[in-house]
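One structure is given below, encoded as structure tokens.
The values are calculated or read from the model by the stated rules, or taken from the named source; none is laboratory data. The structure presented is a predicted model; accordingly, all values stated were derived computationally and were not measured. So basically every Cβ, Gly included, is an ideal-geometry build from the backbone, and we count neighbours across all protein chains shown. With ligands, DNA and RNA removed, areas are computed over all heavy atoms of the protein, side chains included. Shrake-Rupley method; radii C 1.70, N 1.55, O 1.52, S 1.80 Å.
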Amino acid sequence: MSENQFPTGTLMKGKRGLIMGVANKNSIAWGIAQQLAAQGAEIAFSYQGQELERRVRPLVESLGGEPFMVAADVTDEASMDACFKALEDKWGTIDFLVHAIAFAGKDELVGSFTENTTREGWRRAMEISAFSFVDAGKRASHMMPNGGAMITLTYLGSERVVPSYNVMGVAKAALEASMRYMARDLGPAGIRVNALSAGPMRTLAMAGISGGKALMRTGREWSMMKEDTKMEGVAGAALYLLSDIGQSCTAETLHVDAGFHAVGVPSMEGDD
Ligand code: NAP
């Protein structure tokens, strides 16, 4: 089903958790799911609507075992209540949460941030891409009496200006700040909260950004390693953050982007 290679092992054996944000086989959440499953995790998947259920079910079935899928639209309180109730009814407690959800309108992911950001677009991007992690994290923490770990997916557009990323960059900045406050609140309960900042990857969400292809190309050409961000690297970092080998790591934004985030000037004339 996938060309990606995920090392097998037992780092997640005995751990159960929820993954939010698998839309198709290219989703970052799906790469992470495959890696966690290869290390023994039991996984519940949330999907936004019936159409997604139809697309995601075959993927989930390919992992083997009894598929556990629950509907969850993060903008709908009743839907979130039902999702976490289903988790609680089935498992009682969980050990991890993966939040890989973001949305901004197409009209806002292009041109001038100042001109194109509307009140409604700002509200929607913030709610779906940042508040949803606070909400899901709160609910998940209530099911983690023995501690646990949560991650969210972010991108460098939160820290630096990236063409077309616009309101999503602002939402990612709010997401990363939220992650740190959540880590402070949940730390005493043994719950670690981190963000994984991935380089550009070819997914549906990326296709929604004007100039997404150029972003991919620049991400590769200007990166220190001169290569695309690999799904295996992102999924491996998620495994580190969510398993016990990541202990003591919390409130961190971990970049997995072939070094792109640390580049000041990509190259000088005649340098390469
Ligand atoms: P993706 O496959 O399109 O995943 C995005 C997911 O968000 C989809 O499953 C989507 O469901 C879901 N979503 C949107 N609105 C929702 C809502 N109201 N309720 C529930 N789910 C909702 O794209 P992806 O690139 O893997 O994105 C996953 C995360 O990684 C996002 O936070 C993204 O910003 C982040 N990220 C992506 C990149 C990249 O280059 N691709 C880089 C760094 C970080 P629908 O399809 O139904 O809308």
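Taking segment 78-109 as the range and being more than 12 Å from the ligand (Cβ to nearest atom) and buried (at least 16 other Cβ atoms within 10 Å of the Cβ) as the test, the residues that pass are 84, 86, 87, 91, 94, 95, 96, 97, 108. The residues of segment 24-42 that are on the phi < 0 side of the Ramachandran plot and either open to solvent by 20 Å² or more (accessible area, probe 1.4 Å) or modelled with pLDDT under 95 (or both), listed by number, are 24, 25, 26, 28, 34, 37, 38, 42.
So which residues in segment 114-123 are in contact (Cβ under 8 Å) with a residue 40 or more places away in the chain and closer than 25 Å to residue 179 by Cβ, if there are any at all? Across segment 114-123, the qualifying residues are 117, 121, 122. Just the residues that are of a type in the set (Gly, Ala, Ser) and modelled with pLDDT of 95 or more, please, taken from segment 191-247. If the condition is that a residue be of a type in the set (Gly, Ala, Ser) and modelled with pLDDT of 95 or more, then 195, 197, 198, 199, 223, 233, 235, 236, 237, 238, 243, 246 are the ones that fit. All of 172, 213, 230, 226 fail the test of being at positive phi and of a type in the set (D, E, K, R), apart from 226.
From 5, 39, grab the single residue that is more than 9 Å from the ligand (Cβ to nearest atom) and out of contact with any Asp or Glu (no Cβ under 9 Å at 6 or more places or on another chain). Result of the check over 5, 39: 39. For segment 147-168, a tally of residues being touching a Ser or Thr at 6+ places or on another chain (Cβ under 7 Å) and either loosely packed, with under 15 Cβ neighbours inside 10 Å or within 29 Å of residue 190 (Cβ to Cβ) (or both) returns 2. Remark: residue 72 falls outside the filter, which requires a residue to be away from the ligand (no atom under 11 Å from the Cβ) and either in contact (Cβ under 8 Å) with a residue 40 or more places away in the chain or of a type outside the set (D, E, K, R) (or both). When you check residue 31 against the structure, is it within 16 Å of the ligand (Cβ to nearest atom), under 15 Å from the mean Cα position of the chain (by Cα) and not acidic (Asp, Glu), yes or no? Criteria met by residue 31.
The helices (runs of 4 or more DSSP H) located wholly in segment 201-270 include none with 2 or more residues which are open to solvent by 40 Å² or more (accessible area, probe 1.4 Å) and β-branched (Val, Ile, Thr). Restricted to segment 43-65, and to residues there that are buried (at least 19 other Cβ atoms within 10 Å of the Cβ) and in contact (Cβ under 8 Å) with a residue 40 or more places away in the chain, the residue that is nearest to the ligand (Cβ to nearest atom) is 59. For segment 126-141, indicate whether the set of residues that are open to solvent by less than 20 Å² (accessible area, probe 1.4 Å) and not small (Gly, Ala, Ser) is non-empty. Checked against the condition, which is being open to solvent by less than 20 Å² (accessible area, probe 1.4 Å) and not small (Gly, Ala, Ser), segment 126-141 yields at least one hit.
When the residues of segment 186-200 are filtered to those that are in contact (Cβ under 8 Å) with a residue 12 or more places away in the chain and surrounded by fewer than 18 Cβ atoms within 10 Å (Cβ to Cβ), the one that is nearest to the ligand (Cβ to nearest atom) is 187.
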